[in-house]
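Contents: one structure, followed by commentary.
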Amino acid sequence: MNLNNMKNNTPLSDAKNIARSSFDETKLDEGFFVLTYQNESHAVQTLEREIDSRFIQFHFCIKGSSEFIFNKGNYRLKIEAENSLLLYNPQRDLPIHLEVPPYSWLVTVLVSIKKFHGLFSQEADYITFLSDENKDKKYYKDGKISPSMAIALNQLINYNLNSSIKTLYFKGKALELLSLYFNRSEDADIEQCPFLVDETNVIKIRKAKDIIISRMAEPPTLQELSDEIGLSLKKLKEGFKQIYGDSVFSFLFDYKMEVARKLLEAGNHNVNEVGLKVGYSTSSHFISAFKKKYGTTPKKYLMSLS
């Protein structure tokens, strides 16, 4: 179905007590849309939109969380606050079917591959799925929303200027978002993910990420993680690298250091306590790890803040 004629589908079962809602949709150009949604109600809302296979989807969760539902509920993909999700599958339509909890905010940018080629025609080697050899491949990428992206996203959500310039304003912000998205070094080489051939493997890899984050102080071994998610060690390593751009424990190290930095900035814990919270039994090991990541000690980092 063409996005020009998008419409609501049948709502989910009332037994789940989920209400139907709709995006605030702005058409920016042919093959270029921005969808915004704020669930300020006390109930979970469901959003459904038909989208055909020509479109690349960029989803940004500013506040709360949301859950994508695919294949009639056979698998789900959760996106948390301050995270983004890129989806593209030229082989089949990927309609939006979302469950949005109370007090959650979302922004979605939809760009047809034709429009996208036009935007990045000078950067075909930089954006890998623009090349002819990759044109039929599927893509999946999740990542963090940078502070500069968050500003643009909140400006879209909180738009209160004259309605006559809304389309122009939204188009500028959408282009700014795409520029910032592809400017991030960690996304400079988005690779085709072979595990999308079997979407259940993507779910398992995401589960592995959630497990190591939730148990960062005492993470499982790779073999234990492999056994827990039901994926071979080889596929776990390869899949994690494909989706998150790093090995399991390099990813965990970066995550722990980011948590540690935020805890230090909050000022509610001393250096030893922060080290213990992120899994370091001795302060010397934590200090060494922090210095490796940020080039300074936790104490000097705190002093620089003041």
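The values are calculated or read from the model by the stated rules, or taken from the named source; none is laboratory data. Not measured: the values here are computed from a predicted model. Here the Cβ is made from the backbone with ideal geometry for all residues, glycine too, and neighbour counts use every protein chain on show.
Among residues of the stretch 17-45 being in contact with an Asp or Glu (Cβ under 7 Å, 6 or more places away or on another chain) and part of a loop (DSSP other than H, G, I, E, B), the one that is nearest to residue 119 (Cα to Cα) is 44.
Considering (1) assigned by TED's automatic domain parsing to the domain that holds residue 29; (2) at pLDDT below 85; (3) of a type in the set (A, V, I, L, M); (4) surrounded by 14 or more Cβ atoms within 10 Å (Cβ to Cβ), the lone condition that residue 243 does not fulfil carries the number (1). A single member of 74, 83 is surrounded by fewer than 20 Cβ atoms within 10 Å (Cβ to Cβ) and over 24 Å from residue 176 (Cα atoms), and it is 74.
Across the stretch 226-240, the number of residues qualifying as part of a helix (DSSP H, G or I) and over 17 Å from the mean Cα position of the chain (by Cα) comes to 10.
If you go through the stretch 17-30 and keep only what is buried (at least 20 other Cβ atoms within 10 Å of the Cβ) and either in contact with a Lys or Arg (Cβ under 6 Å, 6 or more places away or on another chain) or at pLDDT 90 or above (or both), you end up with just 28.
Considering the conditions (1) in a helix (DSSP H, G or I); (2) out of contact with any Cys (no Cβ under 9 Å at 6 or more places or on another chain), residue 243 is excluded by exactly one of them, (2). For the stretch 86-97: of the residues being more than 14 Å from residue 181 (Cα to Cα) and not charged (D, E, K, R), which is surrounded by the most Cβ atoms within 10 Å (Cβ to Cβ)? Looking at residues that are more than 14 Å from residue 181 (Cα to Cα) and not charged (D, E, K, R), I get 88.
Considering (1) out of contact with any Phe, Trp or Tyr (no Cβ under 9 Å at 6 or more places or on another chain); (2) closer than 24 Å to residue 85 by Cα, the lone condition that residue 240 does not fulfil carries the number (1).
Matching residues to (1) over 27 Å from residue 209 (Cα atoms); (2) over 15 Å from the mean Cα position of the chain (by Cα); (3) polar (S, T, N, Q):
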site: 38; (1), (2), (3): yes, yes, yes
site: 45; (1), (2), (3): no, yes, yes
site: 56; (1), (2), (3): no, no, no
site: 65; (1), (2), (3): no, no, yes
site: 71; (1), (2), (3): no, yes, yes
site: 83; (1), (2), (3): no, no, yes
site: 89; (1), (2), (3): no, yes, yes
site: 104; (1), (2), (3): no, no, yes
site: 117; (1), (2), (3): yes, yes, no
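Yes or no: the stretch 286-300 includes at least one residue that is among the charged types (D, E, K, R), in contact (Cβ under 8 Å) with a residue 24 or more places away in the chain and not in a loop (DSSP other than H, G, I, E, B). For the stretch 286-300, residues among the charged types (D, E, K, R), in contact (Cβ under 8 Å) with a residue 24 or more places away in the chain and not in a loop (DSSP other than H, G, I, E, B): present. Residue 219 meets all of the listed conditions (1) modelled with pLDDT of 95 or more; (2) not in a helix (DSSP H, G or I) but one, namely (1).
For the stretch 63-80, what are the residues that are modelled with pLDDT of 90 or more and over 17 Å from residue 207 (Cα atoms)? Residues satisfying the conditions are 63, 64. When residue 230 is tested against the conditions (1) surrounded by 13 or more Cβ atoms within 10 Å (Cβ to Cβ); (2) modelled with pLDDT of 90 or more; (3) closer than 15 Å to residue 211 by Cα, the lone failure is (1). Entry remark, the stretch 100-119: residues being buried (at least 20 other Cβ atoms within 10 Å of the Cβ) and farther than 14 Å from residue 28 by Cβ number 4 in total.
Close Cβ contacts (under 6 Å, 6 or more residues apart or on different chains) running from residues in the stretch 260-280 that are assigned to a helix (DSSP H, G or I) to residues that are among the aromatic types (Phe, Trp, Tyr) and loosely packed, with under 14 Cβ neighbours inside 10 Å are absent.
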